[in-house]
Amino acid sequence: MPLCAVGLNHMTAPVEVRERVVFPLETLQDSLRALTGTASVQEAAVISTCNRTEIYAVLAPGGDPTQILRWLAGSHGVDPDWLEPFLYTHNGRDVVRHLLRVTPGLDSLVLGEPQIAGQTKTAYLEAVTAGTIGPVLDRLFQHAFTVSKQVRTETEIGAHPVSVAFAAVSLARQIFGALEESTALLVGAGETIELTARHLHRQGVRHFIVANRTRGRAQELADTYGGRAIALGDLPDTLAEADIVVSSTAAPLPILGKGSVERALRRRRHRPMFMVDIAVPRDIEPEVGQLDDVYLYTVDDLRGVIEANLRSRSHAAAEAEEIINLQVERFMTWLRSLDSVPAIRGFRERAIGQRDDVLERARRRLANGESPEEALDYLAHTLTNRLLHLPTTRLREAAASGEAALLKAARRLLDIPDEREDD
């Protein structure tokens, strides 16, 4: 059963490539149905975040992973030849290992970050709702969730507060020093923004503005930290108040342009502004980074800050890899067992058919006046002969043709001792 994964991440593709192949959550189920509607793919799930887009699939017989590449490129209107150098493809065991590393954060930009586990769970639930998860991917994702929990429980991979949000706040401290007098503008109200707000608050920030498409969610987060909520449309008028801007929305196009930031800087009399764009696609036009008095960083720019905070997790990561090695083998054992299912089903169906036929004959004997003892003797004798006839014939043929390996396998399969070994 061909299992494959095709994708790209922060290590293989820059943000300007990653943002071209993002799957919006609102259209993900339709995309999954379109993929499994092709002749090549039987099961599919997609993990799509700011740092990765990955397609996990069970291929139909004769299916080719390059067909997934062409579908991914076509569904986003990009040239497959342009996209291919940024992609990786995993097959079989490597797919299992990859997902088991992704889910607990071992493959993340921030080693051990917890958000990816929730994003993987969302990917699974979207595929379940779309009807594109079958027995293999269902078992694989459930296994990944179990292993992720084991890794976080049995190692210290998540013991230290290292995340994209933490890195952004650390960078803000390097630029501004003390943050107590700073005003933070948070654009979006998702998990990363919420985590950023928490870190900023711990660093002494007490002035928060939260902008979000849904005003109620913005108000909820703002109330937590004594801030105020605004609509996205109010950003141009509010931007000048912000010393720190962190943006992470799901908007398909930038929501902060160079012009609006220029106007805000004039109103600020060119006091520096620190901006972090965590979104993919980007929320802030890249040209903003060309402005004086603006420090603009994307998730890729945070890499150096993050790497400096990862040393404490290296030992835990090694322990996690040992757990994953064991769990990959356990999943592969289950996957290999699926190869026996058709043979077992066929063997059982034939045995049941023989049982039903002999049982019906025994019942007719009883109906014709034969004693129960005679009918039972007939049932036992005839059923035994029928069940043993074909295996016995095949064993004789194997012995006659000198097929020692088949005879040895038969002894193991049927638990028959080799009398020659007892002599």
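Here, each number is a calculation from the coordinates, and none is a lab measurement. The shown structure was predicted, so the numbers you read here are calculated from the model rather than taken from an experiment. Note: ideal-geometry Cβ built from the backbone for every residue, glycine included; neighbour counts use all protein chains shown.
Key figures for this structure:
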quantity: The chain: angle of helix 314-337 to the longest principal axis, Cα-based, in degrees nearest 10; calculated: 30
quantity: Among 202-208, 101-107, the order from most to least packed when residues are scored by Cβ within 10 Å on average; calculated: 101-107, 202-208
quantity: Nearest 10 degrees, 0 to 90: helix 25-36 Cα axis against the chain principal axis; calculated: 30
quantity: Least to most buried among S148, S108, S371 (fewest other Cβ within 10 Å first); calculated: S371, S108, S148
quantity: 0 to 90° range, to nearest 10: angle between helix 404-414 axis and the chain longest Cα axis; calculated: 80
quantity: For peptides 25-31, 252-258, 400-406, sequence by mean Cβ density within 10 Å, most packed first; calculated: 252-258, 25-31, 400-406
quantity: Cα gyration tensor shape of the stretch 1-132, rounded if a/c is under 1.5, else prolate or oblate by comparing a/b with b/c; calculated: rounded
quantity: Shape call, the stretch 145-227: gyration tensor on alpha carbons, a/c limit 1.5; calculated: oblate
quantity: Given charges at Cβ of Lys, Arg, Asp, Glu: the chain dipole, positive-most of A5, I306, A168; calculated: A168
quantity: Within the chain, percent of DSSP bridges classed antiparallel, to nearest 5; calculated: 45
quantity: Set of lysines with alpha-carbon distance to K149 below 29 Å, sequence-local pairs under 8 removed; calculated: K121
quantity: Gyration tensor verdict on the stretch 164-308 (Cα atoms; rounded if a/c is under 1.5, prolate if a/b is larger than b/c, oblate otherwise); calculated: rounded
quantity: Residue among G118, G353, G369 with the largest mean-square fluctuation in a Gaussian network model of the chain, springs linking Cα atoms under 10 Å; calculated: G369
